[in-house]
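Quick notes on the structure that follows.
The values are calculated or read from the model by the stated rules, or taken from the named source; none is laboratory data. Here the structure is a predicted model, which is why all the values come from computation and not from measurement. Quick reminder, even Gly has a Cβ in these numbers, built from the backbone with ideal geometry, and neighbours come from all protein chains shown. Just so you know, the surface numbers come from the protein's heavy atoms only, side chains and all, with ligands and any DNA or RNA stripped out. Shrake-Rupley method; radii C 1.70, N 1.55, O 1.52, S 1.80 Å.
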Amino acid sequence: MTEQAPTVLRTASASVGQRLLGLMQHYRGAESPLAVPVFYRLRGPLDRDALRTALNALVVRHEALRTTYETTRRRLVQHVREPVPVPLRETQIESPDALESAMRELVRAPFDLMVSPVRAELLTSGPEESVLLLNVHHLSTDGWSGGVMSGDLGEFYRPGQDRATTAPQPPDWSYLDFSEWQRTRFESGALADQQEFWRSRLAGTRAPALGDAPPVAADGPRAPGTELFDLPKQAAQGLQQICKARRTTTFTAALAVFASVMHQYSGDTDFGFASMFANRIRPEVAETVGFLSNLLVLRMTLPERPAFDDALTAAQDIALDALGNQEVPYHLVPQSQGERGPGLENILFQVMAGPEYQLSLKGLEVSQLGPPVGSGSRFDLEFALIPSLTGVQGIVWYDRQRFSAEWVRRLIRDFGDLATRAAEHPDRPVTGADCA
């Protein structure tokens, strides 16, 4: 039974990105998981009242976290509601296996988007040990927003203090402010040049031909697989060396490594795959929580027998072009029938938020946990790196009907090996006998 939702304060049509997500959820259903869960292991004396107060303050500050959604006459509509306390459900956990099972079930539980896009759970395994789950529906968040929420939650958590404080100051722009600005950008034709840039850039693009991966099953639902890994120390140091030597970012260096591995596997020198870009081009949205990010398809064009330097140059060029044209998501790039290959958006590479976005709670040791095994992705293959204070962690979500676990583990191993080699010999070919 649906709970009674709080009073509606404002109503608006969904943003461009939200409509695309809504369509994806409608057509793929349960095969397209749109939860964005983050698990934090907490060690130390947790003040539960302070945590509840912090969660409530988070929802007061950010309208997207108290926005509900409904489809009216085939239109997705968002309703900003008055803030109400966030339920913090607590469950006692008896074993590591029970923790993994509970995490998996919580991630799979559907949202009632007419009530709230946010859920908070506390899984307790001892007097001073627990796991906090903050789970937000993708319609209300993205990767950048996760960093904003972590920072705010840490600031609002004040153990042992008088918490009868004034309401938190809202960011410069709410998500509805962004949605309205974005709508005028599209309707006025201000983004026509960006649409034409992508149409021209992506004409003729095909996904890498990963011929040694198992074929896609003709029928049946997705079978989610997950591989968690720590990038070997030498590989993480290799990425740092590449960034320092070429004065580039971790994203660009890692993008070049991933593209090189895709070339190794396919033999292709012209191919595309997807990545997420923050789409935060105005300072007003730096602290805004909501779904602002856009999925872009990056076309990599390499010479025959490319060296890593060639891949890095290509990655730098396309990253700069993408940053300058990130307002138009891939699904809104016009194309003629058959102009681009199918499935370009089904292989995704991204570098997630770094250490500066990790949660810090006063008096507690906090570490972020990876997702439970078996959690899914809306992509066939999603390769993500997460820089941390101690190194680089990684997650690969994949469809087991297309990729085997052995293939994915080889992909992870080859990525690490190539990152190490590229730092030492960036001028050597990334494939063939000379790359060893």
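When only residues in region 92-122 that are outside any strand (DSSP E or B) and of a type in the set (Gly, Ala, Ser) count, which is nearest to Val136 (Cα to Cα)?
Ranking the qualifying residues of region 92-122, first place goes to Ser116.
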Exercise for review: Give Ala167, Ala190 a once-over and let me know the one that is among the small types (Gly, Ala, Ser), surrounded by fewer than 20 Cβ atoms within 10 Å (Cβ to Cβ) and free of Cβ contacts under 8 Å to residues at least 24 places away in the same chain.
Suggested key: Ala190
Check your understanding: Just for region 391-412: of the residues that are small (Gly, Ala, Ser) and assigned to a strand (DSSP E or B), which one is most open to solvent (accessible area, probe 1.4 Å)?
Key -> Gly391
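For the structure I just gave you, tell me whether Thr184 is open to solvent by less than 40 Å² (accessible area, probe 1.4 Å), over 30 Å from Gly341 (Cβ atoms) and either modelled with pLDDT of 95 or more or assigned to a strand (DSSP E or B) (or both).
no
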Study note, to complete from the structure: Only unsatisfied item for Gly394, checking (1) farther than 18 Å from Leu344 by Cα; (2) over 22 Å from the mean Cα position of the chain (by Cα), is (2)
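Table: residues versus (1) hydrophobic (A, V, I, L, M, F, W, C); (2) within 24 Å of Gln393 (Cβ to Cβ); (3) open to solvent by 40 Å² or more (accessible area, probe 1.4 Å).
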| residue | (1), (2), (3) |
| --- | --- |
| Tyr265 | no, yes, no |
| Phe271 | yes, no, no |
| Ala274 | yes, yes, no |
| Phe277 | yes, yes, no |
| Arg282 | no, no, yes |
| Gly290 | no, no, no |
| Pro306 | no, no, no |
| Leu312 | yes, yes, no |
| Ala315 | yes, yes, no |
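Report yes if some residue within region 78-91 is in a strand (DSSP E or B), among the β-branched types (Val, Ile, Thr) and in contact with a Lys or Arg (Cβ under 6 Å, 6 or more places away or on another chain); otherwise report no.
Yes, that holds for at least one residue.
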Practice item. Tell me, yes or no, whether region 413-435 has at least one residue that is part of a loop (DSSP other than H, G, I, E, B) and either farther than 28 Å from Thr313 by Cα or modelled with pLDDT of 95 or more (or both). Key: no
